[in-house]
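**Student:** Questions regarding the structure given below will be posed in turn.
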Amino acid sequence: MKLNNPFLIAGYHSPEYFCDRQNETETITNALQNERNITLIAPRRMGKTGLIKNVFYHLEKKNEIVPVYMDIFSTQNLNEFVHLFAISVLEALDSNVQKLIGKVSNFLKSCHPVLTFDEITGQPQVSIEISPNKEEATLREIFDYIAASDKRCVIAIDEFQQIAEYPEKGVEALLRSYIQFVPNARFIFAGSKQHIMQEMFLSAKRPFYQSTQIVTIEAIRKEEYYDFTRHFFQEANRKFDSDTFYYMYDEFEGHTWYMQALLNRLYGYGTDITDKTFTNRAIQELTDEGIYGYQNLIAAYSGVAAKLMKAIAKEGTVAEINSGKFISKYKLKAASSVNTALAKLIDKEIVYKSTQGYMIYDRFMSIWLSRQP
């Protein structure tokens, strides 16, 4: 099916609508085919989920794997993780509801299946209920279920760093103890909090130390992204000027989601893009659409944190956030107060630390903040 707008801002369609990442796709595919697990680290919205789905597409095309994808960002504890893990695995390995109920009953003794019906489609769905204090037993049974399957699986756990926030102790060690003994499953551990992911997989004190191949992704190269963009505009008998594209790319440092959001909007205008007029219009539209959320977010933070956000946004990138010059320029409080506020903003992923320095994670929010008094 051909898409009305080729610049996707959510989901994955096919390689045709996926820009570049050929080397990363080949690296991950080769590792999985050779029985190596992967740790995929990238800033949020850089395109790691799309990359995972692209790897899945190519492996499925060769009938090599059953893909299992789960995003655990919203999970708060081991019970929620195990529930999501169980549903994701069960649905991927067997879509037949009746067979699925039977297999749950046979393999998962620590929980029981619940049959419900979708309110809109009326289709039967299977959920499970996990009794309190039965999480570890259920987790062991899920891994036994995977091992007993005759299917080769690749299980991607997105935002994997979330398990470090669970109140239960030893979750990493628990998972590691099961994962290493499942012969027919390989794993992709993807995460956006780079310092936590690096600690989990590169520290000798942690259970997953040196257990995976590390892959990091950065912005797609400017020339590759332009060729991808120009191709779709040419198909629609439209022009996209290279200087205009490079202006947009540099403004957002090629960060994938923001590029896609802008390109989606620009393609939707139905005209040639030969100067900055339409680009600036799209940036303004996308920034304005988020104002309500930005205002609420700012209101939720202390005065120091709010001032720090605005100061970072006005600078774009701050290499030395404790420098007297930066603190005095924006009339911030003492360095200790700045550091306390900064730690909270980094933890909540409002501020991101790159190799160049500190910046506001949401680029459109940064533009809005930079214009505030």
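**Student:** State yes or no: is residue 317 β-branched (Val, Ile, Thr) and more than 30 Å from residue 245 (Cα to Cα)?
**Tutor:** no
**Student:** Let me ask another. Check 177, 127 and return the single one that is free of Cβ contacts under 8 Å to residues at least 60 places away in the same chain, touching a Pro at 6+ places or on another chain (Cβ under 9 Å) and outside the structural domain of residue 40 (by TED's automatic domain parsing).
**Tutor:** Numbers: 177 fails: outside the structural domain of residue 40 (by TED's automatic domain parsing).
The match here is 127.
**Student:** Among strands (runs of 3 or more DSSP E) lying entirely in the stretch 91-188, which contain 3 or more residues that are at pLDDT 90 or above?
**Tutor:** Details: elements: 111-117, 124-130, 153-158.
Of the strands (runs of 3 or more DSSP E) lying wholly inside the stretch 91-188, those with at least 3 residues that are at pLDDT 90 or above span 153-158.
**Student:** Can you tell me how many residues in the stretch 39-88 are touching a residue at least 40 places away in the same chain (Cβ under 8 Å), part of a loop (DSSP other than H, G, I, E, B) and under 29 Å from residue 350 (Cβ atoms)?
**Tutor:** 11
**Student:** Return the residue satisfying two criteria in turn: it lies in the stretch 189-227 and is part of a strand (DSSP E or B) and among the polar types (S, T, N, Q), and of such residues it is farthest from residue 254 (Cα to Cα).
**Tutor:** Restricting attention to the stretch 189-227, the residues satisfying the condition of being part of a strand (DSSP E or B) are 189-191, 213-216.
Those left that are additionally among the polar types (S, T, N, Q): 213, 216.
Values: 213: 25, 216: 16 Å.
Only one residue tops the list, namely 213.
**Student:** Related question: Just checking, does the stretch 294-315 include any residue being of a type in the set (Phe, Trp, Tyr), at pLDDT 95 or above and over 28 Å from residue 41 (Cβ atoms)? Walk me through it before giving the result.
**Tutor:** Initially, the stretch 294-315 is screened for residues of a type in the set (Phe, Trp, Tyr), giving 294, 301.
Now drop any that are not at pLDDT 95 or above, which leaves 294.
In the following step, the residues that additionally are over 28 Å from residue 41 (Cβ atoms) were identified as none.
No.
**Student:** Another one. Taking residue 311 and the conditions (1) surrounded by 17 or more Cβ atoms within 10 Å (Cβ to Cβ); (2) outside the structural domain of residue 264 (by TED's automatic domain parsing); (3) within 24 Å of the chain's Cα centre (by Cα), which numbered condition does it fall short on, given that it satisfies the others?
**Tutor:** Result: residue 311 passes all but (3).
**Student:** Considering only residues that are among the acidic types (Asp, Glu) and assigned to a helix (DSSP H, G or I), which ones fall in the stretch 228-248? It would help to see each step written out before you state the result.
**Tutor:** At the first step, the residues of the stretch 228-248 found to be among the acidic types (Asp, Glu) are 235, 241, 243.
235, 243, listed by residue number.
**Student:** Those residues that are out of contact with any helix residue (DSSP H, G or I) (no Cβ under 8 Å at 6 or more places or on another chain) and hydroxyl-bearing (Ser, Thr, Tyr), I need them from the stretch 307-332; list them, please.
**Tutor:** Passing the criteria: 317, 323, 328.
**Student:** Note down all Cβ pairs under 8 Å where the first residue falls in the stretch 1-26 and is assigned to a helix (DSSP H, G or I), the second is among the hydroxyl-bearing types (Ser, Thr, Tyr) and surrounded by 12 or more Cβ atoms within 10 Å (Cβ to Cβ), and they're at least six residues apart or on different chains.
**Tutor:** 15/57
**Student:** Of the residues 34, 79, which is touching a helix residue (DSSP H, G or I) at 6+ places or on another chain (Cβ under 9 Å) and not hydrophobic (A, V, I, L, M, F, W, C)?
**Tutor:** Details: 34 fails: touching a helix residue (DSSP H, G or I) at 6+ places or on another chain (Cβ under 9 Å).
Selected residue: 79, the only one of 34, 79 that is touching a helix residue (DSSP H, G or I) at 6+ places or on another chain (Cβ under 9 Å) and not hydrophobic (A, V, I, L, M, F, W, C).
**Student:** With the requirement that a residue be without any contact (Cβ under 8 Å) to a residue 40 or more places away in the chain and in contact with a Gly (Cβ under 6 Å, 6 or more places away or on another chain), what does the stretch 272-319 give you?
**Tutor:** 319
**Student:** From 143, 189, which residue is under 26 Å from residue 47 (Cβ atoms), out of contact with any His (no Cβ under 9 Å at 6 or more places or on another chain) and either touching a residue at least 24 places away in the same chain (Cβ under 8 Å) or in the same structural domain as residue 76 (by TED's automatic domain parsing) (or both)? Show your work before the answer.
**Tutor:** Values: 143 fails: under 26 Å from residue 47 (Cβ atoms).
None of the other options fit; the residue is 189.
**Student:** Among the residues of the stretch 352-373 satisfying the criterion of being of a type in the set (S, T, N, Q) and not in a loop (DSSP other than H, G, I, E, B), which is farthest from residue 253 (Cα to Cα)?
**Tutor:** Residues of the stretch 352-373 that are of a type in the set (S, T, N, Q), as a first pass: 354-356, 366, 370, 372.
Still in the list and also not in a loop (DSSP other than H, G, I, E, B): 366, 370.
Numbers: 366: 13, 370: 17 Å.
Among those residues, the one meeting the criterion is 370.
**Student:** For the structure I just gave you, tell me whether residue 344 is over 25 Å from the mean Cα position of the chain (by Cα), part of a helix (DSSP H, G or I) and not assigned by TED's automatic domain parsing to the domain that holds residue 195. Steps first, answer last, please.
**Tutor:** Details: over 25 Å from the mean Cα position of the chain (by Cα): no; part of a helix (DSSP H, G or I): yes; not assigned by TED's automatic domain parsing to the domain that holds residue 195: yes.
When the stated conditions are applied, residue 344 does not pass them.
The values are calculated or read from the model by the stated rules, or taken from the named source; none is laboratory data. In this text the structure is predicted, and so the values were computed from the model without any measurement. Cβ atoms come from the backbone with ideal geometry, glycine included; neighbour counts cover every protein chain shown.
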